[in-house]
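S.K.: Questions regarding the structure given below will be posed in turn.
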Amino acid sequence: MTFSKQFPDDFLWGGATAANQLEGGWNIGGKGLSVSDVYTFDSRTPKERWLDQWLFMTRRQVADAQDPNSSKYYPKRKGIDFYHRYKEDIALFAEMGFKCFRMSIAWTRIFPRGDETEPNEQGLAFYDDVLETLLAHNIQPVVSLSHYEMPLCLVTEYGGWPNRKLVDFYVRFAVTVFERYRRKVKYWMTFNEINCVKHHPYVSVGVIEEDHPHLEQDKYQGAHHQFVASALATKACHQIIPGSQVGCMISYQMLYPHTCHPDDLQACEEQQRVSLFFSDVQARGYYPAYTDRMLAEKGVVLQKAQGDDEILRQYPVDFVSFSYYMSSTVSAHPEELEGVTGNLITGGIRNPYLPSSQWGWQIDPKGLRLALNQLYDRYQKPLFIAENGLGAVDTVNPDGTIDDDYRIDYLRQHIEQMKEALGDGVRLFGYTWWGPIDVISAGTAQISKRYGFIYVDQDDDGNGTQRRSRKKSFHWYQRAIASNGEQLAD
Ligand code: BG6
């Protein structure tokens, strides 16, 4: 018996983005407002606030954002102007040797309100061009259908995903883009970080917290509708695009019990299930055995339509993808311990053995190997790392270069652990670094939380030339890809 730590020859190396964080052009080409177009950034707020800023939303903020005379700065509306610069940006991705590029199609470019019966041709044409540009560079597109950017109208006029009508709207959107891009896109993801509804229901299922007194009920009801919508989209995708591959996408943090006390392990297990519940349904095609108790203890009673369970069972996803940035520990008595910062999970406890990023996210490459093994053991389906990356403040040297060795170290250590997981027998077929070019942060609406190999000259208030330049990590990743993950030294 032998084993190999080598990446398969056709491994999909690349980078990941989302339309609402890089495109800009928020009111061009017939685009409608999305839930993410509503976030402001105010650089005068104290640093502590942006360390732990939350994707929480109020009715007032939404109303302000709909005011055409508002003078506030909405960073996700500006993005980094990929809308006009995608040719230049994709050429840089190609120069790095990308085999794939994960992007999302903004629902609001195709159906600006979300409930129309006819799509917006200008929006469809835009993505035709983006996809053709990628393919011309031999870059395989990996497309997310919904990445925290559902149409705002579906929130304000329909109350978000707790309303079953959204299943039909989403499926119409999905079918429209499958038909249009059937010759261009093989890999699809239905909902970005579907499990994050727990932490930020507004961008995930479109509920404004203050409007939903039974928030837990509405979150899980919204999630159920997303499961059904995802399964129906998977069915349609397979029918329209033979050979296509559809994945679920969860945010995954490796969790460790804070101590070896059995109560901590139990708490850890329960916390992990809060995330894995989502991929359990989407990958296995049914609600897991622990669902009844978990939902009952939250006071949730799901309303399922006749046939829903059958739909879930018949159309599970083909692969499991996930984002991985950090790990944390879980205690049965968190109130006595030091919490960890991070926009993805609350209640996590700081791990004394791990360093943290400038935003307090605990860096844990070995946790990635553990995560890959856990997910593969659980589902036995191919895995795709849809996001992994380090948000950091970069300093531009007087000659314009950027020595981001911290980013290189992070990347190297994570790739090394991916190789270990391959050696463990895990089937991993792709890796997309989050934000290969600096984009607006999802959690804090900053650009100074930079992930890119490509620097964008723009600040948190939207000033700058938007000129692109290569960081040191650009050349490092280029070598790593060219050697298929073998050349990881400096
Ligand atoms: C993931 C999201 O949660 O994390 C991305 O899918 C996001 O949209 C990424 O950008 C990093 O988070 P942040 O808040 O640093 O942008």
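S.K.: Looking at the structure I just gave you, is residue 179 open to solvent by 40 Å² or more (accessible area, probe 1.4 Å), at pLDDT 95 or above and over 24 Å from residue 246 (Cβ atoms)? Before you say what the answer is, go through the steps one by one.
M.R.: Numbers: open to solvent by 40 Å² or more (accessible area, probe 1.4 Å): yes; at pLDDT 95 or above: yes; over 24 Å from residue 246 (Cβ atoms): no.
No.
S.K.: Further, regarding this structure: May I ask you to verify whether residue 403 is in contact with a helix residue (DSSP H, G or I) (Cβ under 8 Å, 6 or more places away or on another chain), open to solvent by 10 Å² or more (accessible area, probe 1.4 Å) and within 16 Å of the ligand (Cβ to nearest atom)?
M.R.: Numbers: in contact with a helix residue (DSSP H, G or I) (Cβ under 8 Å, 6 or more places away or on another chain): yes; open to solvent by 10 Å² or more (accessible area, probe 1.4 Å): yes; within 16 Å of the ligand (Cβ to nearest atom): no.
No, not satisfied.
S.K.: Let me ask you something else. In the stretch 184-201, what residues are assigned to a helix (DSSP H, G or I) and within 14 Å of the ligand (Cβ to nearest atom)? Show your work before the answer.
M.R.: Narrowing the stretch 184-201 to residues assigned to a helix (DSSP H, G or I): 194-198, 201.
Matches in the stretch 184-201: 194, 195, 196, 197, 198.
S.K.: Further question: Run down 487, 466, 446, 478 and say which single residue is within 16 Å of the ligand (Cβ to nearest atom) and either at pLDDT 95 or above or within 17 Å of residue 389 (Cβ to Cβ) (or both). If you could, list the steps in order and put the result at the bottom.
M.R.: On the way: 487 fails: within 16 Å of the ligand (Cβ to nearest atom); 466 fails: within 16 Å of the ligand (Cβ to nearest atom); 478 fails: within 16 Å of the ligand (Cβ to nearest atom).
Just a single option satisfies the conditions, and that option is 446.
S.K.: Inspect all residues belonging to the stretch 408-419 and state whether any of them is surrounded by fewer than 23 Cβ atoms within 10 Å (Cβ to Cβ), part of a strand (DSSP E or B) and more than 12 Å from the ligand (Cβ to nearest atom).
M.R.: no
S.K.: Taking only the stretch 71-115 into account, find how many residues are in contact with a helix residue (DSSP H, G or I) (Cβ under 9 Å, 6 or more places away or on another chain), open to solvent by 40 Å² or more (accessible area, probe 1.4 Å) and assigned to a loop (DSSP other than H, G, I, E, B).
M.R.: 3
S.K.: Note down all Cβ pairs under 7 Å where the first residue falls in the stretch 357-375 and is within 10 Å of residue 325 (Cβ to Cβ) and at pLDDT 95 or above, the second is in a helix (DSSP H, G or I) and open to solvent by less than 20 Å² (accessible area, probe 1.4 Å), and they're at least six residues apart or on different chains.
M.R.: If the second residue must be in a helix (DSSP H, G or I) and open to solvent by less than 20 Å² (accessible area, probe 1.4 Å), the pairs left are 363/410; 368/414; 368/418.
S.K.: Does any residue in the stretch 133-152 that is assigned to a helix (DSSP H, G or I) come within less than 6 Å, Cβ to Cβ, of a residue that is of a type outside the set (A, V, I, L, M, F, W, C) six or more places away or on a different chain, and which pairs are these?
M.R.: 133/87; 134/141
S.K.: Of the residues that sit in the stretch 159-175 and are out of contact with any Phe, Trp or Tyr (no Cβ under 8 Å at 6 or more places or on another chain) and over 19 Å from residue 304 (Cβ atoms), which one is most open to solvent (accessible area, probe 1.4 Å)?
M.R.: Only one residue fits best here, namely 175.
S.K.: Of all residues in the stretch 423-451, how many are more than 20 Å from residue 395 (Cβ to Cβ), open to solvent by 20 Å² or more (accessible area, probe 1.4 Å) and over 18 Å from the mean Cα position of the chain (by Cα)?
M.R.: Residues in the stretch 423-451 being more than 20 Å from residue 395 (Cβ to Cβ), open to solvent by 20 Å² or more (accessible area, probe 1.4 Å) and over 18 Å from the mean Cα position of the chain (by Cα): 3 in total.
S.K.: Let me ask another. Within the stretch 452-474, how many residues are of a type in the set (Lys, Arg), assigned to a loop (DSSP other than H, G, I, E, B) and surrounded by 15 or more Cβ atoms within 10 Å (Cβ to Cβ)? Break it down into steps so the answer makes sense when it comes.
M.R.: Step one: list which residues in the stretch 452-474 are of a type in the set (Lys, Arg), which gives 467-468, 470-472.
When the remaining residues are screened for being assigned to a loop (DSSP other than H, G, I, E, B), the result is 467, 471.
Adding the requirement that they be surrounded by 15 or more Cβ atoms within 10 Å (Cβ to Cβ) leaves 471.
The total comes to 1.
S.K.: Right, another one. For the condition away from the ligand (no atom under 16 Å from the Cβ), within 18 Å of residue 461 (Cβ to Cβ) and at pLDDT 95 or above, what is the one hit in 13, 26? Even if it seems obvious, please write down each step before you answer.
M.R.: Working: 13 fails: within 18 Å of residue 461 (Cβ to Cβ).
The conditions single out 26.
S.K.: Answer with yes or no whether residue 267 is touching a residue at least 12 places away in the same chain (Cβ under 8 Å), within 16 Å of residue 154 (Cβ to Cβ) and either acidic (Asp, Glu) or buried (at least 17 other Cβ atoms within 10 Å of the Cβ) (or both). Give the derivation first.
M.R.: On the way: touching a residue at least 12 places away in the same chain (Cβ under 8 Å): yes; within 16 Å of residue 154 (Cβ to Cβ): no; either acidic (Asp, Glu) or buried (at least 17 other Cβ atoms within 10 Å of the Cβ) (or both): yes.
No, not satisfied.
S.K.: Here are the criteria: (1) surrounded by fewer than 18 Cβ atoms within 10 Å (Cβ to Cβ); (2) closer than 21 Å to residue 3 by Cα. Tell me which single one residue 396 does not satisfy.
M.R.: Answer for residue 396: the failing condition is (2).
S.K.: How many of the residues in the stretch 376-393 are open to solvent by less than 60 Å² (accessible area, probe 1.4 Å) and in a loop (DSSP other than H, G, I, E, B)? Give the derivation first.
M.R.: Here is the first cut: in the stretch 376-393, the ones open to solvent by less than 60 Å² (accessible area, probe 1.4 Å) are 376, 379, 381-392.
Right, trim to in a loop (DSSP other than H, G, I, E, B) and you get 381-382, 388-391.
Residues that pass the stated criteria total 6.
S.K.: Name the residues in the stretch 227-283 that are among the small types (Gly, Ala, Ser), touching a helix residue (DSSP H, G or I) at 6+ places or on another chain (Cβ under 7 Å) and in a strand (DSSP E or B), would you?
M.R.: The answer is 251, and nothing else.
The values are calculated or read from the model by the stated rules, or taken from the named source; none is laboratory data. From a predicted model like this one, the values you see are computed outputs, not experimental measurements. So basically every Cβ, Gly included, is an ideal-geometry build from the backbone, and we count neighbours across all protein chains shown. Accessible surface areas use protein heavy atoms only, side chains included; no ligands, DNA or RNA. Shrake-Rupley method; radii C 1.70, N 1.55, O 1.52, S 1.80 Å.
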